[in-house]
Amino acid sequence: MSRDSAKALVLPVAVLVAFEVWARATHLQSDSLAPPSQIMLALAEAFADFSILTATRDTLFAAFAGLAIGSIIGLALGIAFGLSNTLNRLMEVTVEAIRPIPSIALLPIALIALGFGYRMEIVIVAFACVWPILILSRAAVCSIEPRLMEVARALRLPPAQRVWKIIIPAALPRIFVAFRLAAGIALIVAVTVEIAINPIGLGAGIMLAQQALRADLMLAYLVWIGAIGYALNILLVVAQRRLFGRAALSGDSA
């Protein structure tokens, strides 16, 4: 662990220690709070009986499937809108009218159409992930160096090869930033759907713990979700830097 990472841990650890001391000193009795030591014990119990691992599998399956579908749709639309000013203008009102709709607001429609289970959750996650991919990929395509497009026209590349050989490689660093953003959204929306209505995954585990008045287990699930999100972001940041090097930094700042 680097010195900077160790310094970053000082404040969270100090807060946890202070809260543990306060909870023990006041003999905390609460349906919504628990000492950090009890939370860690509850997390260990959830791992021991595999309940949290099963819930994690369900949540990540729905999140990643929705992320994949949303990314494909958003990337295709973003490239199309970036290449065609006419299409972009024609669809601008439609996109800006649909994009602000909260994905959770679609739950009643999705529940009637698809019922409980993976399909409903995947559709809601995909809807939420389309928009950051679409908006940022469209901006990435529009910002491509015009000389690259002139080279593609000079070589008389057909549209499919122009997209595959010129546009995607040039825009990929910024598209990957959009994918990182969408990955975080996918996890958030998947857990939210499970809390709201879908009886599977980590969100359902939180609700079951809350109904059982197990504040320690409920908070253990929250800690685990945070750890998953943090690990996912670290993996994507490392992949971005390995794949794009300095271009990754310019993509982050864009």
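Direction-averaged shadow area of the convex hull around the Cα atoms of the chain, nm²?
17.3
Please give the helix 85-98 orientation as an angle from the longest Cα principal axis of the chain, in degrees from 0 to 90, rounded to the nearest 10.
The answer is roughly 20 degrees.
How much accessible area per residue does segment 25-117 have, in Å², with a 1.4 Å probe?
58
Based on the mean of other beta carbon atoms within 10 Å per residue, what is the order of 99-108, 164-173, most packed first?
Highest-to-lowest ranking by the protection proxy: 164-173, 99-108.
Ranked by accessible surface with a 1.4 Å probe, highest first, in what order do 150, 96 come?
The residues order as 150, 96, largest area first.
Quick one: length gained pulling residue 223 to residue 243 fully straight, 0.36 nm per residue minus the C-alpha distance?
Additional length available on full extension: 4.2 nm.
Let me spell out the model: positive unit charges on the Cβ of Lys and Arg, negative unit charges on the Cβ of Asp and Glu, origin at the Cα centre of the chain. What dipole size does that give, in debye rounded to 20?
1240
If you count, for each residue, the other Cβ atoms within 10 Å and average over each peptide, how do 72-83, 231-242 line up from highest to lowest?
72-83, 231-242
Where does each of 84, 71 land when they are ordered by accessible area, with a 1.4 Å probe and the largest first?
Result, largest first: 84, 71.
Between residue 99 and residue 68, how high is the FRET efficiency from 1/(1 + (r/R0)^6) when r is the Cβ-Cβ distance and R₀ = 25 Å? Nearest 0.05.
For R0 = 25 Å, the calculated efficiency reads 0.80.
Using the Cβ atoms and a cut-off under 13 Å, what net charge is assigned to the surroundings of residue 70, where Lys and Arg are +1 and Asp and Glu are -1?
Taking every Cβ under 13 Å from that of residue 70, the sum is 0.
Could you state how much accessible area residue 58 has, in square angstrom rounded to the nearest 10, with a 1.4 Å probe and all protein chains kept in place?
About 20 Å², ignoring ligands and nucleic acids.
Whole percent per 10 Å bin, from 0 to the bin with the longest distance: what is P(r) over all C-alpha pairs of segment 85-212?
12, 30, 27, 18, 9, 3, 0
Nearest 500 deg cm²/dmol is fine: what mean residue ellipticity at 222 nm does the chain get from its DSSP H runs of n ≥ 4 alone, each adding -39,500 (n - 2.57), divided by its residue count?
-27500 deg cm²/dmol
Order 120-130, 205-215 from most to least packed using the mean count of other Cβ atoms within 10 Å.
Output ranking for 120-130, 205-215: 120-130, 205-215.
Test of understanding: what is the full-extension gain from residue 27 to residue 45, defined as 0.36 nm times their sequence separation minus their Cα-Cα distance?
Stretched fully, the residue 27-residue 45 segment lengthens by 4.2 nm.
Just want the answer: with Cβ charges of +1 for Lys and Arg and -1 for Asp and Glu, which residue in 29, 101, 75 is farthest toward the dipole's positive end in segment 29-104?
75
The values are calculated or read from the model by the stated rules, or taken from the named source; none is laboratory data. Since we're looking at a predicted model, the values are computed, not measured. We place every Cβ from the backbone using ideal geometry, glycine too, and count neighbours over all the protein chains shown. Calculation scope for accessible area: heavy atoms of the full protein, side chains included, ligands and nucleic acids excluded. Shrake-Rupley method; radii C 1.70, N 1.55, O 1.52, S 1.80 Å.
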